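Read through the structure below, which is laid out as structure tokens, and then see the notes.
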């Protein structure tokens, strides 16, 4: 039986796919050749490229004594970029301990305030923060504060970046202190939204305020070197309402429920439309895309409350309790939403199926 010839227009896609698979195989071969006693793991940088990372902090090589270690100081190293509908693309800089930076900006305590926090290798104006910022300002009149903690979270060493989520969360907490003291903000009007490592930073900001912040939103919170109950991992007690959206659970993201309400779109591990997701970055990055869409869509991400996590990770769900919407603006705070939720999405935007 004759085979169907491949259309010439498909060759670039096929060559690209073969190249990615070959490169990935090479990385896996390298990983397999490493000593077993070392805890090496593939982790993607914000550029989507895989990096082999030794995630065993007790087995790291001794630092070069001739190179001084750069110390991350949140009060001076973190940037807080304010965007409003009056300045949707040109940031105004807020400074910890500088009341004038708040008074002379477009910040308005009458508006709800939303903090956005990037992950490993990101920045305050990087793609993830920028897309969510644009979605929020299109949806409503907000104070959007994009947090740049790249001095700590931009380290080429994932372990070092991971260990700065606590100090970075303290920095966000200090900025919130100033907004309350000098800007007249009510913690009930504040959400802190973080992606990947930034999800844990958001949790630590909530810890500093004793769980009083209205909503903590952790978008596929980072998995490597984090587990439930760790002192600096996001937890259900970090806010009045804590929600997680898991899109690459057990790989780049965490698989265990870390919030009060935990949403697992399409089972939480892989995402439709990502194809051969060699670096898992497509699935990991779906969480902020889903959240960004949820704040402005008229079609909600309607989700079913499920009886067990194991079921959800297998892509099934036995209904158990009331349904709820994932993400959204305002959040589910005060609606009694808790537990584990399953939903399906479309392969491409718009993702919500209602």
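The values are calculated or read from the model by the stated rules, or taken from the named source; none is laboratory data. The structure presented is a predicted model; accordingly, all values stated were derived computationally and were not measured. Ideal geometry is used to build each Cβ from the backbone, glycine not excepted, and the neighbour counts take in all protein chains shown.
Please specify each residue of segment 289-331 satisfying the condition of being in contact with a helix residue (DSSP H, G or I) (Cβ under 8 Å, 6 or more places away or on another chain) and on the phi > 0 side of the Ramachandran plot. Result: 327, 328. When segment 296-315 is filtered for residues that are in a loop (DSSP other than H, G, I, E, B) and either in contact with a strand residue (DSSP E or B) (Cβ under 7 Å, 6 or more places away or on another chain) or closer than 23 Å to residue 237 by Cβ (or both), the ones remaining, listed by number, are 300, 301, 308.
Restricting attention to segment 279-295 and to residues that are at pLDDT below 95 and outside any helix (DSSP H, G or I), the residue that is nearest to residue 135 (Cα to Cα) turns out to be 280. Just one residue in the set 233, 228, 218, 205 is in a loop (DSSP other than H, G, I, E, B) and touching a helix residue (DSSP H, G or I) at 6+ places or on another chain (Cβ under 9 Å); that residue is 233. Filtering segment 110-125 to residues that are crowded, with 20+ Cβ neighbours inside 10 Å and assigned to a loop (DSSP other than H, G, I, E, B) leaves 112, 118, 119, 120, 121, 122, 123, 124.
Residues of segment 237-257 that are more than 29 Å from residue 189 (Cα to Cα) and in a strand (DSSP E or B): 249 alone. Given the structure, is residue 327 closer than 21 Å to residue 196 by Cβ and touching a strand residue (DSSP E or B) at 6+ places or on another chain (Cβ under 9 Å)? Against the criterion (closer than 21 Å to residue 196 by Cβ and touching a strand residue (DSSP E or B) at 6+ places or on another chain (Cβ under 9 Å)), residue 327 qualifies. When restricted to residues that are within 20 Å of residue 190 (Cα to Cα) and not in a loop (DSSP other than H, G, I, E, B), segment 148-177 contains 14. Among the residues of segment 184-202, those identified as surrounded by fewer than 24 Cβ atoms within 10 Å (Cβ to Cβ) and in a helix (DSSP H, G or I) are 187, 188, 189. Here residue 107 passes the criteria (1) in contact with a strand residue (DSSP E or B) (Cβ under 7 Å, 6 or more places away or on another chain); (2) part of a loop (DSSP other than H, G, I, E, B); (3) crowded, with 16+ Cβ neighbours inside 10 Å; (4) modelled with pLDDT under 95 except the one numbered (4).
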